[in-house]
Each structure stands twice: as C-alpha cells, then as structure tokens.
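*Asks:* Quick one: this structure, given as structure tokens, is what I'll be asking you about.
FYI, it's all coordinate maths here, none of it is from the lab. Small disclaimer: the values here were computed from a predicted structure and weren't measured. Cβ atoms come from the backbone with ideal geometry, glycine included; neighbour counts cover every protein chain shown.
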Amino acid sequence: MSRFSRKPTTRDEIESEIHNLMAALDELKDDATRSSKHRFDSLRSRAESLWNDTDFDSHRRDLSKRSREASRMAKDCAREHPLSTVALAAGAVALIGYLVTRR
C-alpha cells in the first residue's frame, strides 16, 4: 500500500516508479557531468590566460607590496596588543602540540 493513498500499490506501479526514478537520476548525472565539464573548461582557460600573461613582474611587485603591508599591519597589531599576541601564540602552539601528539 502506498504511503499517501488508500489504494493498494501494484507491482507494475512500483516498477514504473523505480524506472522513472532511475531515468531522473541518469538525467541528473548527465546534467552534473555537463556542468562540471563547463566549470573545468572555464578554469582551464583562466589558468592558461594566467600562464600566458607576460606581465609577471608587475604582479610580483604588487604581491610583494601587499605582503609587506600585511606584515607591517600584523607587526603594528602585535605591538598594540602584546598580551593578546602572546595568548594567541600560546594557543596556536598548544593546538599544534595537541594535533601532533594525538593518534
């Protein structure tokens, strides 16, 4: 008997429903395959465009500038909040120690 109706469900109806579900799953699988292939192609084209980008020096300079700024900001924050910095470092060391020693 079906869960939501009062009439008994026949074997043919169950087989038909299973067939419909299998067809829907196949269609879903095909859609996911097409979607992932499209995403992979777009990532590949982006990677190729970045690889073929000849302006590496300006990117390197920009990255270097940003990392120096981030380093300076972290250093200033550590100087403004020394106790918090020590507590954060102790917590990080404790977490690393816990992760290394656990089995």
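*Asks:* Using +1 at the C-beta of Lys and Arg and -1 at the C-beta of Asp and Glu, which of S16, S42, S71 has the Cα lying farthest in the positive direction of the dipole of the chain?
*Replies:* Most positive-ward Cα: S71.
*Asks:* Treating the beta-carbon of each Lys and Arg as +1 and of each Asp and Glu as -1, no other charges, what is the dipole magnitude of the chain about its Cα centre, to the nearest 20 debye? Please list the in-between numbers first.
*Replies:* Details: 20 positive and 17 negative charges, 143 e Å.
Dipole size: approximately 680 debye.
*Asks:* Also: With each pseudo-label sitting 7 Å past Cα toward Cβ, what's the E15-S71 distance in nm, one decimal?
*Replies:* 7.3
*Asks:* While we're here: So the label point goes 7 Å from the Cα of A94 along Cα→C-beta, right? Which residues of the stretch 72-88 then have their backbone N under 20 Å from it?
*Replies:* Under 20 Å, as judged by backbone N against the label point of A94, lie 81-88 of the stretch 72-88.
*Asks:* Tell me the label-point distance for the pair A24, R60, using the 7 Å Cα-to-Cβ offset, in nm and rounded to one decimal.
*Replies:* It works out to 5.6 nm between the two label points.
*Asks:* Here's something else I'd like to know. Please report the equivalent ellipsoid semi-axes of the chain, computed as sqrt(5 x eigenvalue) of the Cα gyration tensor, largest first, in whole Å.
*Replies:* Numbers: eigenvalues 628, 187, 32 Å².
After scaling each eigenvalue by five and taking roots: 56, 31, 13 Å.
*Asks:* Using the Cα atoms as the points, what is the convex hull volume per residue of the stretch 56-103 in Å³? Working shown, then result.
*Replies:* Details: hull volume 3.4 nm³, N = 48.
Dividing the Cα hull volume of the stretch 56-103 by its residue count gives 71 Å³.
*Asks:* Kindly write out, for the stretch 38-47 in residue order, the coupling ³J(HN,Hα) from the Karplus curve 6.51 cos²θ - 1.76 cosθ + 1.60 (θ = phi - 60°), rounded to whole Hz, with x marking Gly and Pro.
*Replies:* So the J values, rounded to whole Hz, are 4, 5, 4, 4, 5, 5, 5, 5, 5, 5.
*Asks:* Hey, another quick one. For the chain, what does the helix formula give at 222 nm: sum of -39500 (n - 2.57) over DSSP H segments with n ≥ 4, over the residue count, nearest 500 deg cm²/dmol?
*Replies:* Values: 3 runs with 86 residues, N = 103.
Result for the chain, helices only: -30000 deg cm²/dmol.
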